[in-house]
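Student: Submitted below is the structure of interest, expressed as structure tokens.
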Amino acid sequence: MDQESGHQEDRAEISARLNTRLSTFFHFLSTTFMDALHHIRAWSRLKKVIVAVALIAFVAVTFLVELPSITVLRDWAADAGDAFIFLFFVLYIVITQFPIPRTFLTLASGILFGPVLGSVLALSATTISALVSLLIVRGLLGEWMAPRLKHPAVENINVRLEQRGWLAIASLRMIAAVPFSVLNYAAALTSVPVLAFTIATFFGSAPGTIATVVLGDAVTGSGNWLAIVFSALLAGLGLFGIYLDQRLPVKSGK
């Protein structure tokens, strides 16, 4: 009886902690949402119109604009000559500012430029694209978001990212299921240092990006079992990195 009673008390304590954390998190979401509404209402009419148009354009590009096919890209390459390398590099950065999967562009890098130049182009464009996204979102919302990161629901997470964000970012980059652009937006709203974010993006994205370029025959739609196995191994490594980050302590009193 005593042992059963002890188990019930443990379950009750765990349930109470979970409820407290959920309550704190939902309070953070609700207060942030209401603060955002009040902040938007204080905008001038012109600013509201500009932001609304920008959001509509963002959604339209994300869902309505189609990526050029490999055939079209080859035609562009033939017309532009050597300048196409730079044009493709810029196109990669611009397109990946939106929540559009970058897999096609990475595959296209290998098909159009070969494994070496394709890997260099795709990885460098990926890194610069992430940095640009971070700077844009942080420039627009960073100052507004900063005081809200002191909320109990997110303060510990933010401190962890500020001190050791490179590990979390690099680990998440290895997990293919984590959207590239969404991670950029989310990281921008935290205190993760810009340099740590950029370096972690480069090294965390490198294995998957290079593998996608090299194993470019997956673009045929038949897939490649080696690519699937490699992606699974990377995901496992990324999850281990997240677990390790959670286990390692952070400095207090910062």
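Student: Under 6 Å between Cβ atoms, at least 6 apart or on separate chains: pull out the pairs that start in segment 143-159 with a residue that is under 20 Å from Lys251 (Cα atoms) and at pLDDT 80 or above and end on any residue that is among the polar types (S, T, N, Q) and not in a helix (DSSP H, G or I).
Tutor: none
Student: I'd like the residue in segment 115-126 that is more than 17 Å from Arg173 (Cα to Cα) and in contact (Cβ under 8 Å) with a residue 24 or more places away in the chain and, out of all such residues, is nearest to the chain's Cα centre (by Cα).
Tutor: Within segment 115-126, the match that is nearest to the chain's Cα centre (by Cα) is Leu121.
Student: Could you please let me know if Ile50 is of a type in the set (Val, Ile, Thr) and either closer than 17 Å to Leu140 by Cα or in contact with a Gly (Cβ under 9 Å, 6 or more places away or on another chain) (or both)? Steps first, please.
Tutor: Details: of a type in the set (Val, Ile, Thr): yes; either closer than 17 Å to Leu140 by Cα or in contact with a Gly (Cβ under 9 Å, 6 or more places away or on another chain) (or both): yes.
Against the criterion (of a type in the set (Val, Ile, Thr) and either closer than 17 Å to Leu140 by Cα or in contact with a Gly (Cβ under 9 Å, 6 or more places away or on another chain) (or both)), Ile50 qualifies.
Quick grid of which residues meet (1) buried (at least 20 other Cβ atoms within 10 Å of the Cβ); (2) assigned to a helix (DSSP H, G or I); (3) under 16 Å from the mean Cα position of the chain (by Cα):
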{"residue": "Leu105", "(1), (2), (3)": "yes, yes, no"}
{"residue": "Phe113", "(1), (2), (3)": "no, yes, no"}
{"residue": "Ile128", "(1), (2), (3)": "no, yes, yes"}
{"residue": "Ile136", "(1), (2), (3)": "no, yes, yes"}
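Student: Restricting attention to segment 161-184, does a residue exist that is touching an Asp or Glu at 6+ places or on another chain (Cβ under 6 Å), within 20 Å of Lys251 (Cβ to Cβ) and either hydroxyl-bearing (Ser, Thr, Tyr) or part of a helix (DSSP H, G or I) (or both)?
Tutor: Within segment 161-184, the subset touching an Asp or Glu at 6+ places or on another chain (Cβ under 6 Å) is 167-168.
Restricting the remaining residues to those that are within 20 Å of Lys251 (Cβ to Cβ) gives 167-168.
Those left that are additionally either hydroxyl-bearing (Ser, Thr, Tyr) or part of a helix (DSSP H, G or I) (or both): 167-168.
There is at least one residue in segment 161-184 that is touching an Asp or Glu at 6+ places or on another chain (Cβ under 6 Å), within 20 Å of Lys251 (Cβ to Cβ) and either hydroxyl-bearing (Ser, Thr, Tyr) or part of a helix (DSSP H, G or I) (or both).
Student: From Leu87, Leu55, Leu91, Leu67, which residue is in a loop (DSSP other than H, G, I, E, B) and hydrophobic (A, V, I, L, M, F, W, C)? Even if it seems obvious, please write down each step before you answer.
Tutor: Details: Leu87 fails: in a loop (DSSP other than H, G, I, E, B); Leu55 fails: in a loop (DSSP other than H, G, I, E, B); Leu91 fails: in a loop (DSSP other than H, G, I, E, B).
It is Leu67.
The values are calculated or read from the model by the stated rules, or taken from the named source; none is laboratory data. A quick note: this is a predicted structure, and the numbers were derived from the prediction, not measured. Here Cβ is always computed from backbone atoms with ideal geometry, including for glycine, and neighbour counts include all displayed protein chains.
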